[in-house]
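Just below is one structure, and these are the notes that go with it.
The numbers here are math on the coordinates, done by the rules we state, and not lab data. All values reported here derive from a predicted model rather than from experimental measurement. Every residue, glycine among them, receives a Cβ derived from its backbone with ideal geometry; neighbour counts consider all protein chains shown.
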Amino acid sequence: MTAARKLVKYYVRPILNNIKNKDSLNLGSSKLYFDKIELITRNGKDISSKYLHLKEVTRLPRDISKTIRIQLKKITKTRKKIKNLNFNKPLIMGILNVTPDSFSDGGKFLSIDNAYAQYKKLKKEGAVIVDIGGESTRPGSKTVPAKKELQRIMQVIGQIKSNSKNSLISVDTRKSTVMKAVLKYNIDFINDVSGLRYDSKTISFLKNAKIPFIIMHSISNPAKMQKTIKYNDVLLDVYDFLENQIRKCKLKGISENKIIIDPGIGFGKTLKQNLTLIKKISLLHSLGLPVMLGSSRKSFIGKIQKNELYDDRKGGSIASVLYGLSQGIQIFRVHDVYETNQAIKVYTKLI
C-alpha cells in the first residue's frame, strides 16, 4: 500500500512599499507597489518560504508559476466599492459597545442618550462606519441570549437611523435572529466575529438579505478561545479558514463583492501569534478582498508592555494601525477614532 500523497499548497505574500518601478505591480485600489513576493509552501506539516522577484516567477515549474499568477491577479485587482465605500484610501470603523462588560468600554454607553452621543462623536472624529454590538465577545465572556442582545441595541440603532441620513451602521453579532431583527432599520453591514461558524443559518440569511458582511477568524468561542489555542501555522491556518468561508459563501450564491475579511487579532491567539498575523497580514491580499484590522486596545499591547492590566493602550493601537497602512489594509476598527484619524493623515503626508 502506498502512502497517501501530501497536498502541496502555495501562498503568495506581496512585499509592499510605496516605490514604483518598471518591474513592480500595484496592490489593488492603493498607492502601494511590489516587485518581490514571499512564496510560502505548505506540504503537510512542512512549511517553507523563499523570497522572489516577480521576474523570477516565469522560471519556476509551470504549475507553481500558474498558481502564483492566479494569486497575483487577485492581489492587483481593483477592490470594488461596497455601500459607496471606496477602498483607495484607509477607512475607519468606530466601535460602539452597548454592553456592560466589553473589555475596554463596557458600561459606558448603555443608555440610548449616551450611545447616540458617542455615535455622533465617532462620526465627527472621522469614522465612516460605526460598529454597534450588544454582546461582549472578549476572552472569557459568556453568550448573551438574542433577546437581551436586541434589547440593548435596537433602540440605539433606531435613534441613529432616524436622525442620521448618511449613517453607515454595522451590527456586531453572531446570531442570525439578531441580524434578521435589525434589518428593519436598513443597517449596512454585519460583523460576525465567529467567522460565520456560530449560527448555521447565517450564510443563508446573508444570501437572502444581500447585505455586506465581515468574516472574522476565531477559534472555539469567547469563553474558551484563549484556553485551547492550537495552530499548525497561525498565518496559513487563518488564511485557509478565511478562504474556506469565502468558498462556502460563493457556493451559496453570495457575491465576493459583499465580503470583507478580518484575521481576528486577539481571538484565540497568543502574543506571538498576534504579532505574526499583523507582521505578515499582506498575505490576505491574495484572497482578493478588502481587509479589516481590529487591533484596537487589544491585550497583546499590554503584554508587550509587560503589564496586562494597564488599560491605556492607545499608543500601541495607533502603532498597529500605521503598520497596517504600510501593508495596504483598507479598514481599521478602532475605539480612538480622533487619534487614529490624525495619525493616518500625518502618515499619508509623510510617505
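Some values worked out for this structure:
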| quantity | calculated |
| --- | --- |
| Kirkwood-type radius of segment 201-293, with distances r between different C-alpha atoms, in Å | 13.8 Å |
| Where the Cα pairs of segment 8-76 fall when distances are cut into 10 Å bins, in % | 20, 53, 23, 4 |
| Amide proton proximity set for ASN191, modelled H, under 5 Å, gap of 5+ | VAL171, ASP172, THR173, ILE214 |
| Computed helical MRE - 222 nm, the chain, DSSP H runs ≥ 4 contributing -39500 (n - 2.57), nearest 500 | -11000 deg cm²/dmol |
| Residue-wise HN-Hα coupling along segment 155-169, computed from phi with Karplus coefficients 6.51, -1.76, 1.60 (Hz; x: Gly, Pro) | 5, 5, 4, x, 4, 5, 5, 6, 10, 10, 5, 9, 6, 10, 10 |
| Inter-label distance for SER162 and GLU256, nm, one decimal - labels placed 7 Å from Cα along Cα-to-Cβ | 4.2 nm |
| Highest-fluctuation residue, GLY288, GLY44, GLY94 considered, GNM on the chain with Cα pairs under 10 Å | GLY44 |
| Cβ-based exposure ranking for THR76, THR41, in which fewest neighbours within 10 Å come first | THR41, THR76 |
| q = 0.18 Å⁻¹: log10 I(q)/I(0) that the Debye formula gives for segment 116-264, counting C-alpha atoms only | -1.12 |
| Value of Rg to Rh for the chain (Rh from inverse mean 1/r over Cα pairs, i.e. Kirkwood) | 0.96 |
| Separation between Cα centres of segment 124-138 and segment 249-283, rounded to whole Å | 18 Å |
| Estimated translational D of segment 140-182 in µm²/s (Stokes, Kirkwood radius over Cα pairs; 4 °C; 1.567 mPa s) | 114 µm²/s |
| Highest to lowest packing among 147-154, 190-197, scored as the average C-beta count within 10 Å | 190-197, 147-154 |
| Dipole magnitude (debye, nearest 20) for segment 8-76, charges at Cβ of Lys, Arg, Asp, Glu | 160 debye |
| Segment 180-336 - Debye-derived log10 I(q)/I(0), Cα point model, q = 0.09, 0.13, 0.15 Å⁻¹ | -0.30, -0.62, -0.82 |
| Total formal charge among the other residues, if their Cβ is under 11 angstrom from that of LYS20, Lys/Arg +1 and Asp/Glu -1 | 0 |
| Between segment 162-191 and segment 6-47, the Cα center-to-center distance that results, in Å | 35 Å |
| Mean Cβ count within 10 Å, highest first, over the residues of peptides 78-86, 291-299, 56-64, 233-241 | 291-299, 233-241, 78-86, 56-64 |
| Positive dipole terminus of segment 8-76, leading residue within TYR10, SER29, SER49 (C-beta point charges) | SER29 |
| Size of electric dipole in the chain: Cβ of Lys, Arg +1 and of Asp, Glu -1, about Cα centre, debye, nearest 20 | 980 debye |
